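The values are calculated or read from the model by the stated rules, or taken from the named source; none is laboratory data. Note that the structure is a prediction, hence the values are computed from the model and not measured. FYI the Cβ positions are ideal-geometry reconstructions off the backbone, even for glycines, and counts take in every protein chain you see.
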């Protein structure tokens, strides 16, 4: 028999996330003069995000999983609705304006796909490695990814793909499918690499569109472009922090640094020590998710936790990689640190689900 055990609630994970997200609010304040609307909004997002996390921790994840199909349909509906919105000079089809604030459906897709895939694979665990079942799962993933890419929101699409890979792999995918995937992906990567070296770039230009400029900026760091300019400033800001950071004052080093380049603010204000502490804290949160997945009472709970861990790991790597010029600019937020209500709500809700999974365990025969 499985039941909720309140004494199994992982308070250490809760405290880590609360402190880490609070540190994110302070860092955003440093990047935006502590009086900007971005800083004020982030404080509201933090408080509401805590409420969302608690709610997600209290509602049985198995009950939430029963609505996996309506959740999937709602996800597709929101993404399609985004594509019907008008596009202006400074606006893409990524946000829905609710008046007081905007929401980004592609961010919520990350959480919804975790819930959907976890339940779908759990329901089909006996036939999961059947080629037709796998094909159905892949098609279900491909539709929201295609809609996200159409907005375009490449970074969110990549996160959804990585989440899906983590969940499918954790679901018990047989080695023959993994080998087949490697054999298919390897030549595709080689073709993309070859196309990247050509001036015409027939394939990449068709698939990536505006992202090609970011790839060019990465390959030509001396070029005159906004992406190169911001990345160079990010590197300078991190370097300026040295070991322990400069004095705690307002950071104006990197333009628009409260989101994609928040790691540069951490580097400038807290130095190498601060960057290391941030990465260690994020690593601890990810490991907590994996440990809770390891002791989950069912496959659905395990897959939820692994999906959340994969989401945090990929976003952290991509954000830090961009800030340190390891990878091209992708527009990836740092979990809990970057500004943005949709991203923070999704991250808080994801942790709530992990806490939820951790509270369930099999009842011992010695318990009343």
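Structural remarks
For (1) surrounded by 18 or more Cβ atoms within 10 Å (Cβ to Cβ); (2) within 29 Å of residue 62 (Cβ to Cβ); (3) touching a strand residue (DSSP E or B) at 6+ places or on another chain (Cβ under 9 Å); (4) at pLDDT 90 or above, each residue gets a yes or a no:
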site: 243; (1), (2), (3), (4): no, no, no, no
site: 248; (1), (2), (3), (4): no, no, no, no
site: 267; (1), (2), (3), (4): yes, no, no, yes
site: 285; (1), (2), (3), (4): yes, yes, no, yes
site: 289; (1), (2), (3), (4): yes, yes, no, yes
site: 303; (1), (2), (3), (4): yes, yes, no, yes
site: 307; (1), (2), (3), (4): yes, yes, no, yes
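- Test: residue in the stretch 65-81 that is surrounded by 13 or more Cβ atoms within 10 Å (Cβ to Cβ) and under 23 Å from residue 338 (Cα atoms): yes
- Selection of the stretch 323-345 for residues being within 14 Å of residue 107 (Cα to Cα) and buried (at least 24 other Cβ atoms within 10 Å of the Cβ) yields 332, 333, 334, 335, 336, 338, 339, 343, 344.
- From 156, 142, residue being exposed (fewer than 14 other Cβ atoms within 10 Å of the Cβ) and within 22 Å of the chain's Cα centre (by Cα): 142
- Taking the conditions (1) modelled with pLDDT of 90 or more; (2) surrounded by fewer than 18 Cβ atoms within 10 Å (Cβ to Cβ); (3) more than 29 Å from residue 126 (Cα to Cα) in turn, residue 320 satisfies each one other than (2).
- Residue ranges of helices (runs of 4 or more DSSP H) in the stretch 20-139 with at least 3 members modelled with pLDDT of 90 or more, under 20 Å from the mean Cα position of the chain (by Cα) and closer than 28 Å to residue 151 by Cβ: 37-58, 68-83, 105-123
- Residue check, residue 172 within 26 Å of residue 298 (Cβ to Cβ) and either modelled with pLDDT of 95 or more or surrounded by fewer than 22 Cβ atoms within 10 Å (Cβ to Cβ) (or both): yes
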